[in-house]
Amino acid sequence: MTGTVTIRKAGPGLSLQDMGRPGYLVHGVSRGGAADPLALAEGVALLSQSPDAAALEMAGMGGEFTADRDLRIALTGADMRATMDGAPLVWNASHPWPEGAVLSIGAARLGTYGYLHVGGGFDTPKRLGSRSAHLGAGLGTLLDDGETLPVGTDAGKTTGQVLVPDPRFDGGALRVLPSLQTDFFPADVLERFEATEFHRDIRGNRMGARMNSDGPGFLTDGGLSVLSEVIVPGDIQVTGDGTPFVLLAECQTTGGYPRIGTVLPCDLPKVAQAQPGAGLRFHFVTLEQAIEAETRARDAVKGLRSKVQPLIRDPRDMPDLLSYQLISGAIAGNEEI
Amino acid sequence: MAQVIDTPPAGDWPRIRTVGFDGMLVSFGETLNEPANRAALAFRAAVERAGWNGVEESATSLVSCFLRFDPLYLGHDTLRTDLETLLAERNWYDADLPQGRRLWRIPTIWGTDLAPQLEEAAHQAGLSVKDAIQSLSSEPVRVQTIGFAPGQPYLGELPSCWDIPRQQDLSARIPEGALAVAIRQFVLFSVTTPTGWRHVGQTAIRLFRPESETPFVLRPGDEVIFPPVSREEFENIRSSGPDGGASFEVIR
């Protein structure tokens, strides 16, 4: 069964995203894909479907949507206020979406990027092997009011599943590996870099996030001219005035600013999801520690499906309610749980 | 085409370094030079031929070959050893350029309101506008790398008078097809973007065609010459399709 989703009202940053398009770095196209790949994996687990399904990424807020068939959906990533024909929907869960019902997704309550997944995935044509919009490369665009999106065949039936997300929406500690130019920064600057609390600038986008802090910038020794060199997501570029920028999924493929370090891939969703003002701290780890962290993160993704639980409708029927981490502050208390 | 053979860089090059968690970079020099650029291209071709399990993609930048790999499958130490072994196989600085290179002719309008910084750039290079056009349009330049944006080439090396800095302030918008100059290189823009490079020529070629069988027009090692055309010819070319009047022949 296939169908179509209509965007009745689009928030300002809606785009289709999957795991991106690896393999085109040599042609100047960065991988791109979801700003928070873990949120994609959570949607895949909730709907028990293929990991390459494309979902709707919603920056800051969602929009209003209808479907012309009965569909299944899952909501993951930044917790947004969602209703189905006016009835509240639990975030981080899967739900039925009856034909004609109005799905309304409001502003993010915690985090930046929310994701709307549909059973069968959004089935737009692939370009260079992916359905992801890559705005910097001119592949795809932000979605607008009135657009329709085809939905693929859904092999599953189950809804009413819930998943407790790995916390990553309110800043925190970021593990960093040394990069090509880390040694160009004096020891006291590196020390101060690790001791400083940064706040994500409000102007962040899919290409990168500026890290604001009080106090002086983080400058290299002397006037430094760095030959343009390959960039990877997670690289922390320091611009001329000493401000660090963490590069995200849709970064350019080369750059000439010195890099003070690189955030581990498994900690990058924390940067993408941190809402403006959330505190972030960097600390250097060894390659061994990085391998351990990445191994654990990959195992956690593999284990997501086994963590999916039935969504219990009445909290009085949940004897272990207190054991659920319902993300402090994210639940108003009157939702249908 | 005469090849300038510089002396390969001495000292501790080539160097192997990690890039983030899952990247490894083999660099053949600290500054852009012809043998190091050639070495990077040839080494990447060898990496692709080797087809090591766990290497997910490779690319070149100006003087380096980059590998993205899965460190949980192929350990950093193992990959480093494999790269050292491959490096020791030959002197990469005297490797041949890639096979099947092409010489492109891409018609260009120099200066005018379509490329408003020619005069300023010529002044920086110490040339009259006429001599600047002559200097920039008469000799082929080579695609040294593709990067920053899809299919977008860095081309060089230009005569030494073109060792001019990038602008301190960015131009807010340089259009697709723009030819811009700095530090003895051209960038031929594949997208409309802000830039610090000076806009000296305008072409009508689309370098990135995502709907096409060959989405990326230029390849590293290709040579390009930018012959001047009149405004009238340029307008005709511009309305004639994505090639922008460009033609090529295979270099033998």
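Just so you know, all these numbers are worked out from the coordinates, no wet-lab data involved. What you see is a predicted model, and the numbers here were worked out from it, not measured in a lab. Using ideal geometry, Cβ is built from the backbone for each residue, glycine included, and neighbour counts are taken over all protein chains shown.
Brief remarks follow.
- Within the listed set A:176, A:102, A:118, the Gaussian network model of chain A (springs between alpha-carbon atoms below 10 Å) gives the highest mean-square fluctuation for A:102.
- Projecting label points 7 angstrom from Cα along Cα→Cβ for residue A:295 and residue A:164 puts them 2.5 nm apart.
- Peptide-level mean, for B:150-158, of C-beta atoms on other protein chains within 10 Å: 3
- Sequence-distant contacts, meaning Cα pairs under 8 Å at least 6 residues apart, place the relative contact order of the range A:172-299 at 38 percent.
- Across the range A:1-137, Cα-Cα pairs farther apart than 24 Å form 24% of the total.
- Per-residue ellipticity at 222 nm, computed for chain B from helices alone with -39500 (n - 2.57) per DSSP H run of at least four residues, works out to -6500 deg cm²/dmol.
- Inter-label distance, nm, simple model (7 Å from Cα along the C-beta direction), residue A:153/residue A:243: 5.1
- Take the Cα of residue B:46, go 7 Å toward its beta carbon, and the backbone nitrogen atoms of the range B:200-235 under 20 Å from that spot belong to B:220-221.
- Sparse-neighbour loop sites [chymotrypsin sites (Phe, Trp or Tyr not before Pro); the range B:195-252; at most 14 other C-beta within 10 Å; DSSP]: none
- One compactness figure for chain A is 1.02, namely its Cα radius of gyration divided by 2.2 N^0.38 Å.
- Chain B - percent relative contact order, Cα under 8 Å, separation 6 or more: 19
- Farthest towards the positive end of the charge dipole of the range A:3-162, among the residues A:150, A:24, A:108, is the Cα of A:24, using unit charges on the Cβ of Lys, Arg, Asp and Glu.
- The mean sequence distance of close C-alpha pairs (under 8 Å, at least 6 residues apart), as a share of the length of the range A:3-162, puts its relative contact order at 33 percent.
- Computed about the Cα centre, the dipole magnitude for the range B:15-94 is approximately 140 debye when only Lys and Arg (+1) and Asp and Glu (-1) carry charge, each at its Cβ.
- A straight line joining the Cα centroids of the range A:153-191 and the range B:182-215 runs 34 Å.
- Overall shape: prolate for chain B, with the ratio a/c of the largest to smallest alpha carbon gyration tensor axis at 1.5 or above and a/b above b/c.
- Counting lysine pairs in the protein assembly as shown that sit 8 or more residues apart in sequence, or on different chains, and whose Cα atoms lie under 29 Å apart gives 10.
- Placing pseudo-labels 7 Å out from each Cα toward the beta carbon at residue A:126 and residue B:105 gives an inter-label distance of 4.0 nm.
- Shape of the range A:172-299, Cα gyration tensor, a/c cut at 1.5: rounded
- The range A:107-232: Rg to Rh, with Rh as the Kirkwood radius over Cα pairs: 1.06
- Column: log10 I(q)/I(0), Debye, Cα scatterers of the protein assembly as shown, q = 0.06 Å⁻¹: -0.34
- A viscosity of 1.567 mPa s and a temperature of 4 °C, combined with the Kirkwood radius over C-alpha pairs in the Stokes-Einstein formula, give the range B:102-250 a diffusion coefficient of 86 µm²/s.
- 222 nm mean residue ellipticity, helices alone, for chain A (DSSP H n ≥ 4; -39,500 (n - 2.57); rounded to 500): -4000 deg cm²/dmol
- Shape category assigned to the range B:15-94 from the gyration tensor of Cα positions, a/c cut at 1.5: prolate
- GNM result for chain B, Cα springs below 10 Å: residue of B:95, B:115, B:178 fluctuating most strongly: B:95
- Between residue A:302 and residue B:249, the FRET efficiency from the beta-carbon distance, with R0 = 41 Å, is close to 0.20.
- Positive-end extreme of charge dipole, the range B:102-250 - chosen from B:237, B:114, B:177 (charges on Cβ): B:177
- Each of the peptides A:88-95, A:75-82, A:255-262 was scored by the mean count of other Cβ atoms within 10 Å over its residues; in descending order, highest first, they stand as A:75-82, A:255-262, A:88-95.
- Cβ-defined net charge surrounding residue A:308, 15 Å radius [Lys, Arg +1; Asp, Glu -1]: +3
- Charge dipole of chain A about the Cα centre (unit charges at C-beta), most positive-ward option of A:283, A:258, A:45: A:45
- For chain B, the dipole from Cβ point charges (+1 on Lys and Arg, -1 on Asp and Glu) about the Cα centre works out to 160 debye, to the nearest 20.
- Counting, for every residue in A:29-37, the Cβ atoms of other protein chains within 10 Å of its Cβ and taking the mean gives 2.
- Counts of other chain beta carbons within 10 angstrom of each beta carbon in peptide B:49-59 average 2.
- Highest mobility in the GNM of chain B, judged by mean-square fluctuation with C-alpha springs under 10 Å and restricted to B:93, B:73, B:154, is found for B:73.
- Nearest-20 debye value, the range A:3-162 charge dipole, Cβ charges on Lys, Arg, Asp, Glu: 280
- Pairwise FRET efficiency - residue B:168 versus residue B:72, Cβ, R0 = 56 Å, nearest 0.05: 0.80
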